[in-house]
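Let me begin by presenting the structure, written as C-alpha cells, before commenting on it.
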Amino acid sequence: MERIDFNDQISRNKLKSFFLMSIIFLVIILFGYVISFAFAPGLFFTIMIISIIFSMIYIWIGYYNSGNIAIASVGAKPASRERNKQFYNLIEGLAIASGLPMPKLFVMESPQINAFASGRNPENAVVCVTTGALEKLDKKELEGVLAHELSHVANYDIRYITLATVMVGMIAIISEIFLRSLWFRNDNENKNVVFIFLGILMAILAPIVVQLVQLAISRKREYAADASGIKFTRYPQGLIGALKKIQKENYPEKKVSKAIAPLFFSNPLKNIASTHPPLEERIKVLEKM
C-alpha cells in the first residue's frame, strides 16, 4: 500500500483550497463584467456597494466574536478541570507540542461523538467537545480528535472559512440585486439582450456554483486538519479509531446552525451537501500515513 506523507497531504490540500478560492474570485469578476454590459451602472452599483459594505460589516462582527457565537449557539458550558481532567491534560499536552496558547475549553451535551474549534486566532481560540466524545472515546482517540481541532486553530482555518463566506455572500448579494433591478429597468436604457440573458443566467447559477466550491474548500480543510493532527500526535490510529466509532453511531442529527456545521469534527447535519468528506475516505487516507 502506497504511504502518504502527512506534510505532503497538508501542502496539497492547502494548494487545492487556494485554487478553489481563486475560482470564487474569478466568478465574482466575470459576473461583475457581464452586469456592467447588461445594466446601466449608476444606481445599481451604488446599491450593490452599500449592500456589500453592510454585509461585510455583519460578517466581520461575526468573525471577531466567532468563538463566543459558536459556543452560545450550541449551549456549551465551560469545562471543569476537576470533572474533565483528561480533556484538560490532553489539550495542555497538544498545545505544548504545537506551540499554541492554551484555548478556552467547553463541553456540550450531546450523545454524538463530536467536537469543534473556533475563534479568530490562536490567542482567542475555543475548543468544545460533546459529552458523547468524552464518554465513548479512549485516551488516544480523544487525543486524535483534539489534535484535529487544534490543527484548525494553528492553520487559521476560521479566518479562511470566513473569507470564503464573505466571497460567497457577495455573489448572493450581487445576484439578488441584479435580478430585482431588472423589474425597474427601462427597456430603452439597454438594448443588449444577450448580456441581460447572460446576467440572469449567472445570477441563478453563480450562487449554486460558489456554494459547491465553498463546500469543497471546507472538505479540503478537513483533510488538511486530519494530516496536521497526525503531525502533532504521530499516531494515526487514534484518529482512525474515533472516526470508526462515529461511523457506527446512529443518533438523530444534532440541531445546530448550518453556519456552525463546518466547524465540527464530523458533520452534525446528515445532509447531501456535506461540509465534510465521507468518513470512509478520511479513514482510507489516514491508514496510508
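Of all residues in the range 121-139, which are in contact with a Lys or Arg (Cβ under 7 Å, 6 or more places away or on another chain) and basic (Lys, Arg)?
Correct list: Lys136 only.
Pick from Val107, Val127: which is within 22 Å of Tyr160 (Cα to Cα), part of a strand (DSSP E or B) and under 22 Å from the mean Cα position of the chain (by Cα)?
Val127
So, of the residues in the range 67-85 that are of a type in the set (Gly, Ala, Ser), part of a loop (DSSP other than H, G, I, E, B) and on the phi < 0 side of the Ramachandran plot, which turns out to be surrounded by the fewest Cβ atoms within 10 Å (Cβ to Cβ)?
Of everything passing the filter in the range 67-85, Ser80 is surrounded by the fewest Cβ atoms within 10 Å (Cβ to Cβ).
Checking Pro122 against (1) without any contact (Cβ under 8 Å) to a residue 12 or more places away in the chain; (2) over 20 Å from Lys85 (Cβ atoms); (3) of a type outside the set (S, T, N, Q), only one condition comes out false. Which one?
(1)
Test of understanding: among Ile59, Ile91, which residue is closer than 30 Å to Arg282 by Cα and either surrounded by 15 or more Cβ atoms within 10 Å (Cβ to Cβ) or at pLDDT 75 or above (or both)?
Sole residue among the options that is closer than 30 Å to Arg282 by Cα and either surrounded by 15 or more Cβ atoms within 10 Å (Cβ to Cβ) or at pLDDT 75 or above (or both): Ile91.
The values are calculated or read from the model by the stated rules, or taken from the named source; none is laboratory data. From a predicted model like this one, the values you see are computed outputs, not experimental measurements. Note: ideal-geometry Cβ built from the backbone for every residue, glycine included; neighbour counts use all protein chains shown.
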